[in-house]
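First comes the structure, then the notes that go with it.
The values are calculated or read from the model by the stated rules, or taken from the named source; none is laboratory data. For clarity, every value in this text was computed on a predicted model and none was experimentally measured. Don't worry about glycine lacking a Cβ; one is built from the backbone with ideal geometry, like all the others, and counts go over all protein chains shown. With ligands, DNA and RNA removed, areas are computed over all heavy atoms of the protein, side chains included. Shrake-Rupley method; radii C 1.70, N 1.55, O 1.52, S 1.80 Å.
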Amino acid sequence: EREYSKLIDTANAPIFGVDTMGAVNVWNQCAMRLVGYSINEVMGKNLVQEFITKEYRAAVSAVLDKALRGKETANFEFPLITKNGVRIEVLLNATTRRDEQGNVIGVVGIGQDITARLAQEREYSKLIDTANAPIFGVDTDGRVNVWNICARKLVGYSTAEVMGHSLVQEFITQDYQASVQAVLDQALAGVETANFEFPLITKAGARIEVLLNATTRRNEHGKVIGVVGIGQDITGRIAQEREYAKLIDTANAPIFGVDTQGRVNVWNKCARKLVGYTPDEVMGKNLVKEFITDAFKAEVQAVLDQALHGEETANFEFPLMTKAGIRLEVLLNATTRRDEQGIVIGMVGIGQD
């Protein structure tokens, strides 16, 4: 018993004990430092009535009563008031204490001061809720547990309407449920995803396009507890891109584009009519290697390379070979293509036969 008492007294966690009447009979050094009361000030006093805040007395009494009946409790959160009147948050494991005959003689509580952690979590929650991007979170079962102000404004559902509901089953269009679920499952396995596009249906029934970064959420022990998704509403951008693609496709001039590797990714109707190749025949192929005559490959490649470095070229003449083997002379304006962050993503060429 002396060894047991010594281990309890010198433990680096606050430990207290009560007898079957709820009177304090264990109060270690860490508990003294944390709460400020000496052993003489607490021994024999009723723990719940004298040291627990009024609104938590019933809950703490219930935990102690269960332990006195042999039902132990882990990770119970409750506040303690220090001698100086400061409220501290404690995470408690309540364990039944028995004598050598197995008779219940009280309860031992091993605590952890989580005041700083809870303050940090509240700050984290405040930052998430007031962020100017839609942010949502799900637990390990895919149920919504984070839904910030921006998400509410964007989608139209209040926090009460989404909390505890399955994000995928209830708010994702059916054709995207499998792919969104896969992204969440990956994040729950620790594999995060950036720039994943998917649609959300608003409360009003409108479809909005979202660009998502899915991040694994962990507790203080590193255990995965869910996923947080930071979104961006790209509905307007996608609509603009579709309009841009439509204008290109219906333009009365041959227009083609290549990515940063020189592979064709734009091929409009006029280009199809002029050269004879369909989009299926050219998309993903290297423009210079497969469609430019040998004599002009180096010059055309130089023009593409300049555009990919931001140096555009106007009125460059070069020949293209049609599908029928006819040589066409084309006058080209090569323009740098950038994404919304200004990063070069390719080149668009507007030609004239």
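Work through the residues other than residue 352 whose Cβ is under 13 Å from its Cβ and net out their charges, Lys, Arg +1 and Asp, Glu -1.
Taking every Cβ under 13 Å from that of residue 352, the sum is -3.
What residue among 17, 140, 258 has its Cα farthest toward the positive end of the dipole of the chain, where the charges are +1 on Lys, Arg and -1 on Asp, Glu, each on the Cβ?
17
I'd like the accessible area for residue 291: 1.4 Å probe, protein heavy atoms, all chains in place, Å² to the nearest 10.
Here the accessible area works out near 20 Å².
With viscosity set to 1.567 mPa s and temperature to 4 °C, compute the Stokes-Einstein D of the chain, Rh being the Kirkwood radius across alpha carbon pairs; µm²/s, no decimals.
49
Can you give the alpha-carbon Rg of the range 257-302 over 2.2 N^0.38 Å, where N counts its residues?
Rounded to two decimals, the normalised Rg is 1.11.
Could you list the square roots of 5 times each eigenvalue of the Cα gyration tensor of the range 233-289, that is, the equivalent ellipsoid semi-axes, sorted largest first and rounded to whole Å?
22, 15, 8
Mind listing the Cα extents of the range 186-267 along all three principal axes, in Å, largest one first?
Per principal axis, max minus min of the Cα coordinates gives 62, 40, 13 Å.
Counting Lys +1, Arg +1, Asp -1, Glu -1, what net charge surrounds residue 299 among other residues with beta carbon under 15 Å of its beta carbon?
Taking every other residue near residue 299 into account, the sum is -3.
If DNA, RNA and ligands are ignored and the probe is 1.4 Å, what is the ranking of 201, 326, 248 by accessible area, most exposed first?
Of 201, 326, 248, the descending order of accessible area is 326, 201, 248.
Over the Cα atoms, compute the radius of gyration (one decimal) and Dmax (the largest Cα-Cα distance, rounded to a whole number) for the range 249-350, in Å.
12.7, 41
Would you list 54, 126 from the most to the least accessible area, probe 1.4 Å?
54, 126
Just the number, please: carbon plus sulfur as a percent of the accessible area of the range 1-124, 1.4 Å probe, no ligands or DNA/RNA counted.
Heavy-atom surface of the range 1-124 belonging to carbon and sulfur, 1.4 Å probe: 50 percent.
Under a 1.4 angstrom probe, counting protein chains only, how are 9, 65 ranked by accessible area, largest first?
Listed by decreasing accessible area, they come as 65, 9.
Using a cut-off of 12 Å between beta-carbons, work out the net charge of the residues near residue 319 (Lys and Arg +1, Asp and Glu -1, residue 319 not included).
Residues near residue 319 contribute -3 overall.
Would you work out what percent of the accessible area of the range 196-321, with all protein chains in place, is carbon or sulfur (probe 1.4 Å)?
Of all accessible area on the range 196-321, carbon and sulfur atoms account for 51 percent.
Per residue, how much accessible area does the chain show when a 1.4 Å probe rolls over the protein heavy atoms, in square angstrom?
Result: 55 Å² per residue.
What is the diffusion coefficient of the range 24-167 in µm²/s, taking the Kirkwood radius over Cα pairs and the Stokes-Einstein relation at 20 °C with a viscosity of 1.002 mPa s?
119
For each pair in 54/126; 246/273; 285/323, compute the distance between the two Cα atoms and list the pairs where it is over 24 Å.
In this structure, 54/126 exceed 24 Å between Cα atoms.
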